[in-house]
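A.B. asks: First the structure, which I've put down as C-alpha cells, then a few questions once you've had a look.
Since every read-out is calculated from the coordinates, none of them should be taken as a lab result. None of the values given here were measured: they were computed from a predicted structure. Using ideal geometry, Cβ is built from the backbone for each residue, glycine included, and neighbour counts are taken over all protein chains shown.
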Amino acid sequence: MASREEIADFIAAEFPQTRVVIEDVGDRGATVSLETGEADLRPGGTVSGPTLMAVADVALYVAVLGAIGIVPLAVTTSLTINFLRKPESHKRVIGKCALMKVGRSLVMGEVALYSEGVADPVAHVVGTYSVPPSGARQTGSR
C-alpha cells in the first residue's frame, strides 16, 4: 500500500500536467479534487465532460496505487461515465472513489463526482485498471 504523500510525489513527477489534488487515500478508496476554471468550461457554463472524466480517472488511479503500491504500468482498460446533472461552474469538482475488486490483474472501482458543497453527485463512473504481472512492474523514474 502506498501513502498519500508517496502517490502525490509520484503523480507530480510522472504526470506534471495534472491539476488534480489528492485529498485522501486508503481503505480501498481515494478522494481527489480539481479547482475548475474557464478552460474547464464548455458553452453554457458547465464543466466539460473531458474534465470530469479526468478527475474520475485520477481518482481511480490514486485508489489503485493506494491499494497495490506504486505500479506505474497499471493502466485504464475501461471507463464508463453517466452524467447525472449539471456541475456547478467555478466550484471544485470532488471525486470519491471506492474500489469494488482488487485482483492480481484487474482492479475495478466506482467514482462519484460532486460539485463542492452540493450533496447530489454530478456523475457516476465505473472503471477498470489492468495491473501488470509482478515481474513486469516498475517502481517509477525517481
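A.B. asks: Full extension from Ala8 to Glu35: what is 0.36 nm times the residue separation minus their Cα-Cα distance, to one decimal in nm? Numbers along the way, then the final one.
C.D. replies: Working: separation 27, 0.36 × 27 = 9.72 nm, distance 1.65 nm.
Working it through step by step, the gained length comes to 8.1 nm.
A.B. asks: Turning to a different aspect of this structure: If I model a spin label as a point 7 Å beyond the Cα along the Cα-Cβ vector, how far apart are those points for Ser48 and Thr76 in nm?
C.D. replies: Using points 7 Å along Cα→Cβ, the separation is 1.4 nm.
A.B. asks: On a straight-distance basis, which aspartates and glutamates could pair with Lys91 in a cross-link, Cα separation under 17 angstrom, same-chain partners fewer than 8 positions away excluded?
C.D. replies: Result set, ordered by chain and number: Glu23, Glu35, Glu38, Asp40, Glu116, Asp120.
A.B. asks: On to the next question. Would you order Asp57, Asp27, Asp120 from fewest to most other beta-carbon atoms within 10 Å of each residue's own beta-carbon?
C.D. replies: Asp120, Asp27, Asp57
A.B. asks: Cβ under 15 Å from Ile94's Cβ, Ile94 left aside: what net charge do those residues give with Lys, Arg +1 and Asp, Glu -1?
C.D. replies: -4
A.B. asks: Moving to a separate point now. Positive end of the charge dipole of the chain (Lys, Arg +1 and Asp, Glu -1 on Cβ, about the Cα centre): tell me which of Gly66, Tyr114, Pro43 has its Cα farthest that way.
C.D. replies: Looking along the dipole axis, the top candidate is Gly66.
A.B. asks: Could you work out how far apart the two model spin labels at Gln17 and Lys86 are, taking each label as a point 7 Å from the Cα in the direction of the beta carbon, and quote it in nm?
C.D. replies: Modelled inter-label distance: 3.0 nm.
A.B. asks: Also, I was wondering about something else. What angle do you read, to the nearest 10 degrees and between 0 and 90, between the alpha-carbon axis of helix 4-14 and the longest principal axis of the chain?
C.D. replies: With both axes taken from Cα atoms, the answer is about 90 degrees.
A.B. asks: Okay, moving on. Could you work out how much longer the chain between Ala98 and Ser134 gets when fully extended? Use 0.36 nm per residue separation minus the Cα distance between them, nm to one decimal. Walk me through the intermediate numbers first.
C.D. replies: Working: separation 36, 0.36 × 36 = 12.96 nm, distance 2.33 nm.
Difference between extended and current length: 10.6 nm.
A.B. asks: Give the order of Phe10, Phe15 when sorted by the count of other beta carbons within 10 angstrom, beginning with the fewest. Kindly include the intermediate steps, with their values, before the conclusion.
C.D. replies: Details: Phe10 20, Phe15 12.
Fewest to most other Cβ atoms nearby, the residues stand as Phe15, Phe10.
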